[in-house]
Amino acid sequence: MEAPATKPGERELRAPLVYVLGRLCGYRPYVGVPLEKVRDEVLRLLGITPENSPWPLKSTSSKTRDGLYRKVHFTWYHQTRQYRPQMNALCARPISGRRGEWALTLLGVEEARRLRERYEGT
């Protein structure tokens, strides 16, 4: 898969993020996954690898905040209960996880299972 022509935004990142989190947590809610494992895998699903990225992975400065990892982080954050109503939240912090781990809510696990067909063909 080839990298997209334009820098991906949250709309393009949401589905791969939820799917990858679901796969890595075994489709169980509130099970933590280190964000480092999630970020690169999400970008790979979009055809972007650290070696071929036309955009910086980390922000080039604190003012520009143009890094792809930051985009992935905010995609996760904007799906949490801190940002959206509890009944619509797909992502969360794990129940007993470490700092820097991400998890899915029960609704997020259901969405990840639906996305499995798109990414795995099953």
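The values are calculated or read from the model by the stated rules, or taken from the named source; none is laboratory data. Note that the coordinates shown come from a computational prediction; the quantities given were computed from them, not determined experimentally. Reconstructed Cβ throughout: ideal geometry from the backbone, glycine too, with neighbour counts over all protein chains shown.
Let's see how each residue does on (1) more than 18 Å from Val109 (Cβ to Cβ); (2) under 11 Å from the mean Cα position of the chain (by Cα):
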| residue | (1), (2) |
| --- | --- |
| Leu17 | no, yes |
| Val38 | no, yes |
| Val42 | no, yes |
| Asn52 | yes, no |
| Thr80 | no, no |
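Filter the range 11-33 down to the residues that are assigned to a loop (DSSP other than H, G, I, E, B) and among the small types (Gly, Ala, Ser), then identify the one that is surrounded by the most Cβ atoms within 10 Å (Cβ to Cβ). By that ranking, first place goes to Gly32.
Among the conditions (1) assigned to a helix (DSSP H, G or I); (2) among the aliphatic types (A, V, I, L, M); (3) surrounded by fewer than 19 Cβ atoms within 10 Å (Cβ to Cβ), the only one that Leu57 does not satisfy is (1).
The single condition among (1) in a loop (DSSP other than H, G, I, E, B); (2) touching an Asp or Glu at 6+ places or on another chain (Cβ under 9 Å); (3) closer than 21 Å to Arg114 by Cα that Pro50 does not meet is (3). Tell me, please, whether a residue that is surrounded by 15 or more Cβ atoms within 10 Å (Cβ to Cβ) and either among the hydroxyl-bearing types (Ser, Thr, Tyr) or part of a helix (DSSP H, G or I) (or both) can be found in the range 83-106. Yes, the range 83-106 contains a residue that is surrounded by 15 or more Cβ atoms within 10 Å (Cβ to Cβ) and either among the hydroxyl-bearing types (Ser, Thr, Tyr) or part of a helix (DSSP H, G or I) (or both). Restricting Glu36, Glu41 to those that are among the acidic types (Asp, Glu) and buried (at least 18 other Cβ atoms within 10 Å of the Cβ) reduces the list to Glu41.
Taking the condition modelled with pLDDT under 95, part of a loop (DSSP other than H, G, I, E, B), surrounded by 13 or more Cβ atoms within 10 Å (Cβ to Cβ) and over 16 Å from the mean Cα position of the chain (by Cα), does Pro8 pass?
No: the conditions fail for Pro8.
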